[in-house]
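Worksheet: the structure to be examined is printed underneath.
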Amino acid sequence: MTRPIIVFDLDGTLVDTAPDLLDSLNHSLAAGQLAAVDEAGFKRFVGHGGRVMIERAHAAQQRSLQSEEHDRLLKLFLDHYTDNIPGKSRPYPGVVEAIARFEAAGYLLAVCTNKYEANSVALIEALGLSKHFAAIAGQDTFAFRKPDPRHLIETIALAGGDPHRALMVGDSQTDIDTAKAAGIPVVAVDFGYTDRHVREFEPSAVISHFDALTLDLAERLIKAAAGR
């Protein structure tokens, strides 16, 4: 029997990357002569990677964005972000302990994120966490990405896990919709990057700290999903 697996989103779920993403976004916006985005506004733009962040920031300022300019600003964003990894980014409180808890119980762990794979791997390595994850899948790992459920399903397969004994943990509607479409229960953290409370998207459970991500909760949700 394959091992159970927990698949985590990265930004806003495992790691608080907001200060660095915001710095890099504003670096690229300045190059395009747009106003800087503040922390509150930033939460409206995340969830689908840097390209969409830049697009949404332009739309919010009623500025058109041509393809070539979009590519230029994305490169500036990625170069700035990559050059500063890990920057101010840190795991959320309780993440390291939760990882240890589930590893000790025999769970596989994986990451499924709309961040580029290379940046995801670099960040997780810089924070000393890479040894814990059987797979790290970014937006460019496959030919599809969240909210396409195949992104989650193929991440599980890459890690050697069982989709029938899986749990997703995320912070956004994107994560919740992805897990639901894959038929996998999802725990939403309420401290991530969304301008609406995650409860509105009807996840399987909501937690406010990783201490609440217990073995009992994971097993109950996985068992309930298997019995549907």
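The values are calculated or read from the model by the stated rules, or taken from the named source; none is laboratory data. Only a predicted model underlies this, so the values are computations on that prediction, with no experimental measurement involved. Note that each Cβ is placed from the backbone with ideal geometry, even for glycine, and that neighbours are counted across all protein chains shown. In case anyone asks, the SASA skips ligands and DNA or RNA and just uses the protein heavy atoms, side chains included. Shrake-Rupley method; radii C 1.70, N 1.55, O 1.52, S 1.80 Å.
Each row is one residue, and each column tells you yes or no for (1) closer than 18 Å to Ala110 by Cβ; (2) aromatic (Phe, Trp, Tyr); (3) modelled with pLDDT of 95 or more.
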site	(1), (2), (3)
Asp177	no, no, yes
Ala182	yes, no, yes
Ala188	yes, no, yes
Glu200	no, no, yes
Arg220	no, no, yes
Arg228	no, no, no
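Within segment 196-228, being assigned to a loop (DSSP other than H, G, I, E, B) and either under 17 Å from Arg165 (Cα atoms) or open to solvent by less than 50 Å² (accessible area, probe 1.4 Å) (or both) holds for Pro203, Ser204, Leu213, Thr214, Gly227, Arg228.
Let's see how each residue does on (1) of a type in the set (A, V, I, L, M); (2) more than 20 Å from Val121 (Cα to Cα); (3) in a helix (DSSP H, G or I); (4) touching a helix residue (DSSP H, G or I) at 6+ places or on another chain (Cβ under 8 Å):
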position: Gln33; (1), (2), (3), (4): no, yes, no, no
position: Gly41; (1), (2), (3), (4): no, yes, yes, yes
position: Arg44; (1), (2), (3), (4): no, yes, no, yes
position: Leu73; (1), (2), (3), (4): yes, yes, yes, yes
position: Leu78; (1), (2), (3), (4): yes, no, yes, yes
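Scanning segment 56-74 turns up no residue that is crowded, with 20+ Cβ neighbours inside 10 Å and under 30 Å from Ala159 (Cα atoms). Close Cβ contacts (under 8 Å, 6 or more residues apart or on different chains) running from residues in segment 144-171 that are assigned to a helix (DSSP H, G or I) to residues that are among the charged types (D, E, K, R) comprise His151/Arg145; Leu152/Lys146; Ile156/Asp162; Arg165/Arg3.
In a residue-by-residue description of segment 47-60, the property of being part of a loop (DSSP other than H, G, I, E, B) and under 12 Å from Leu21 (Cα atoms) applies to at least one position. Assessment of segment 13-29 against the conditions (assigned to a loop (DSSP other than H, G, I, E, B), within 28 Å of Ala188 (Cβ to Cβ) and open to solvent by 50 Å² or more (accessible area, probe 1.4 Å)) yields no matching residue.
Among residues belonging to segment 100-143 that are part of a loop (DSSP other than H, G, I, E, B) and β-branched (Val, Ile, Thr), point out the one that is most open to solvent (accessible area, probe 1.4 Å). Among them, the one singled out is Thr141. Would segment 86-99 turn up any residue that is touching a strand residue (DSSP E or B) at 6+ places or on another chain (Cβ under 9 Å), among the β-branched types (Val, Ile, Thr) and at pLDDT 95 or above? Within segment 86-99 (the criterion being touching a strand residue (DSSP E or B) at 6+ places or on another chain (Cβ under 9 Å), among the β-branched types (Val, Ile, Thr) and at pLDDT 95 or above), the answer is yes, since at least one residue qualifies.
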